[in-house]
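The values are calculated or read from the model by the stated rules, or taken from the named source; none is laboratory data. Note that the structure is predicted; figures quoted are calculated from it, not measured. Glycine also receives a Cβ, built like all others from the backbone with ideal geometry; neighbour counts cover every protein chain displayed. Ligands, DNA and RNA are stripped out before the accessible areas are found, and what is left, the full protein with its side chains, is counted by its heavy atoms. Shrake-Rupley method; radii C 1.70, N 1.55, O 1.52, S 1.80 Å.
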Amino acid sequence: MPPLKFQSFFSTTDREIPISGIPISSDESYQKTDLTPLAAVVDAFEQISAVLKAKGLHHDLDLKTFCDACSLVSVLFGCLGIAFKFAEMEYVSKVNDLAEASLRYRTLNSVLDYDTQHNSVRTQGSLSRNLRRVRQGLDLIRALFQNFLSSNDYCLKDAASAAYAKTCAPYHSWAVKTAAYAGMYALPTRDQLLVKLNETENSAEKEMIRYINASLPVIEYIDNLYISRRISLDW
């Protein structure tokens, strides 16, 4: 797989508000074209994570910036093949909905505020529900990488099955879970996944560790949006 090419995920808009709150000059814009898909994802989330660590869980995270970073993750789902096709389709759909909504809502907080006021947080199709599903997608990749790195003998099927069981299965219907577990047998091998990601064993380990560390603060931040409004996370 050739390296992923993409434009700056701090794309200039009429708002031009990067995660730091300080406009980014053209020299600082993210214009790298030599990154692998995994490295591109990691770089995006490390920048968001750095801001959240510096500003805390009460920072008002820009919705467009968040969506631009999340859109890169869809490539990782695609590398996992048919077993995660359902997850990819749901994830991409939810990210697209949130990205379109960024024209109306500037931050993640404003999304939750609107749905809380209208009692629609858990309503099918609401942006708050979509955000919850995107968060689960990020956590699914994190758990998969964690399992993948836990042992050289840990096959991808076992790593993916365990990750899915922990992060997404509790919230999926019986039919979706059955299809997901059946598809695990079609997962690429460990070596095939590295080829799809355009990574070596050593580079993949480095980038996966970086993703795990960078995604955790983002996942915690999203969870706190619900918890701070006394909304449970068991859905």
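Annotations
- Neighbours by Cβ (under 6 Å, 6+ apart or cross-chain): first from the stretch 130-144, under 19 Å from Leu63 (Cβ atoms); second of a type in the set (Phe, Trp, Tyr): Gly137/Tyr91
- The criterion of at least 3 residues that are under 23 Å from Thr36 (Cα atoms) is met, among helices (runs of 4 or more DSSP H) falling completely within the stretch 64-174, by 74-79, 85-101, 127-150, 156-167.
- Where Gln47 falls short, out of the listed (1) assigned to a helix (DSSP H, G or I); (2) free of Cβ contacts under 8 Å to residues at least 24 places away in the same chain: (2)
- Any hit, the stretch 53-65, residues being closer than 20 Å to Ile227 by Cα, among the small types (Gly, Ala, Ser), surrounded by fewer than 21 Cβ atoms within 10 Å (Cβ to Cβ) and without any contact (Cβ under 8 Å) to a residue 60 or more places away in the chain: yes
- Test: Leu233 is among the hydrophobic types (A, V, I, L, M, F, W, C), open to solvent by less than 50 Å² (accessible area, probe 1.4 Å) and either part of a loop (DSSP other than H, G, I, E, B) or modelled with pLDDT under 95 (or both): yes
- Each residue in the stretch 92-127 was checked for being under 18 Å from Leu61 (Cβ atoms) and without any contact (Cβ under 8 Å) to a residue 60 or more places away in the chain, and 18 pass.
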